[in-house]
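The values are calculated or read from the model by the stated rules, or taken from the named source; none is laboratory data. As the structure is a computational prediction, the values presented were derived from the model and not from experiment. Cβ coordinates were reconstructed from backbone atoms using ideal geometry, including for glycine residues, and neighbour counts include every protein chain displayed. Each accessible area value is taken on the protein alone, full model and side chains, heavy atoms only, with ligands, DNA and RNA left out. Shrake-Rupley method; radii C 1.70, N 1.55, O 1.52, S 1.80 Å.
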Amino acid sequence: GNVDLDLQGQIHGIEAVSGPMAFTATPESPSLGQPAASDDITGGPGWTGLAAIEDFVNQGGVLMTLGNGSTLALDGGLVRHVRRAQGSGIRTPGVELRARFLKPEHPLAYGYGDSTSVFRADYPVYDMPRRWLRMAYCTSCLDGPTDTRWVVMQWGTRGGGTGGEAASDLVVSGGALNVESLRGRPAILAVPRGRGMIVVYNFNPMHRDLNRSDFRLLWNGVLNWKNLKPTEQL
């Protein structure tokens, strides 16, 4: 799911600096602990939990990360060769954006045409996967050409690299900054890992029950998880 935590927070959770922190109903706060309660919400999955997630995927499970929750998969290294874009200046504080399917036949795209629009908040921006060069004579050229094998959807309505598409061609509704630089970057990645699959959404298709057009992109993965068919490693 989507969380409002950075990578450290997603792995280690709330630091236990002053004893247990309960999340339970009290006379003063009767709504706490709904729908789930805990006597102590400090801590997080930790390295052991991250290894358990990796093992779950390797054994055939499907991990689906939404919005900022995708930091765990991408920056945490469960998915390799996808890097956070630096200095892009892209701001999407709450915008309906157009996106196109690179693989319209993919199970995640069932029921859609070649393109659609989705709601994106200010989540990290990632560059396309890069093929890894196994031998090189310099330390600055270890990344090979762009790899689109696992890009199911990318931002924008046209192909090609970033830039060259006006903001008005991307934005359906809302305000954005430098959004034209988002074009060509991955919106959905579906990456085989072991016997399983990691599906990364660069937006949150469960945002406050407001973005009905996005829901199917999530449920397609849930309902068709056995048909995602990992066949080759990234």
Next item on the list: Could you work out the local net charge near Asp75, counting Lys and Arg as +1, Asp and Glu as -1, over the other residues with Cβ closer than 12 Å to its Cβ?
Entry: +2
Notebook entry, point to check: Over the chain, what percent of the accessible surface lies on carbon and sulfur atoms, probe 1.4 Å?
Noted result: 52
Notebook entry, point to check: Using the Cα atoms as the points, what is the convex hull volume per residue of the range 36-83 in Å³?
Noted result: 117
Margin query: At 1.4 Å probe radius, can you tell me the per residue accessible area of the chain in Å²?
Written below: 53
Note to self: Which order do you get for Thr157, Thr42 if you rank them by accessible area with a 1.4 Å probe, largest at the top?
What the structure shows: Thr157, Thr42
Next item on the list: Please list Asp147, Asp114 in order of solvent-accessible area, largest first, computed with a 1.4 Å probe with all protein chains present.
Entry: Asp114, Asp147
Check: Across the range 105-113, in residue order, what do the Karplus-derived ³J(HN,Hα) couplings come to in whole Hz, using 6.51 cos²θ - 1.76 cosθ + 1.60 with θ = phi - 60° and x for Gly and Pro?
Finding: 8, 5, x, 5, 9, 3, x, 10, x
Notebook entry, point to check: What residue among Gln10, Ala51, Ser31 has its Cα farthest toward the positive end of the dipole of the chain, where the charges are +1 on Lys, Arg and -1 on Asp, Glu, each on the Cβ?
Noted result: Ala51
Note to self: Counting only helical runs of four or more DSSP H residues, what would the 222 nm mean residue ellipticity of the chain come to if each run contributes -39,500 (n - 2.57) and the total is spread over all its residues?
What the structure shows: -4500 deg cm²/dmol
Notebook entry, point to check: Which residues' amide hydrogens lie under 5 Å from the amide hydrogen of Arg193, considering only partners 5 or more residues apart or on another chain, with H built in the peptide plane?
Noted result: Ile198
Next item on the list: List, in order, the whole-Hz ³J(HN,Hα) value for each residue of the range 36-48 obtained from phi through the Karplus relation with A = 6.51, B = -1.76, C = 1.60 and θ = phi - 60°; use x for Gly and Pro.
Entry: 10, 10, 8, 6, 7, 9, 6, x, x, x, x, 5, 5
Next item on the list: For Ala187, list long-range residues whose amide hydrogen, built 1.01 Å from N in the peptide plane, is under 5 Å from its own amide hydrogen.
Entry: Met153, Gln154, Trp155
Check: So what is the diffusion coefficient of the chain in µm² per second by Stokes-Einstein at 10 °C and 1.306 mPa s, using a Kirkwood Rh over Cα pairs?
Finding: 83
Next item on the list: Within the set of other residues whose C-beta is less than 15 Å from the C-beta of Pro124, count the net charge using Lys and Arg as +1 and Asp and Glu as -1.
Entry: 0
Margin query: Using the Kirkwood radius over C-alpha pairs as Rh, can you work out the diffusion coefficient of the range 1-111 via Stokes-Einstein at 25 °C, viscosity 0.890 mPa s, in µm² per second?
Written below: 141
Checklist line | Rounded accessible area of Glu28 (nearest 10 Å², 1.4 Å probe) | finding: 150
Check: Any idea of Tyr110's accessible area? Nearest 10 Å², probe 1.4 Å.
Finding: 100
Notebook entry, point to check: Listed highest first by mean packing, meaning other Cβ atoms within 10 Å per residue, what order do 69-78, 4-13 come in?
Noted result: 69-78, 4-13
Next item on the list: Quick one: dipole size for the chain, taken about the Cα centre, charges +1 on Lys/Arg Cβ and -1 on Asp/Glu Cβ, in debye to the nearest 20.
Entry: 1000
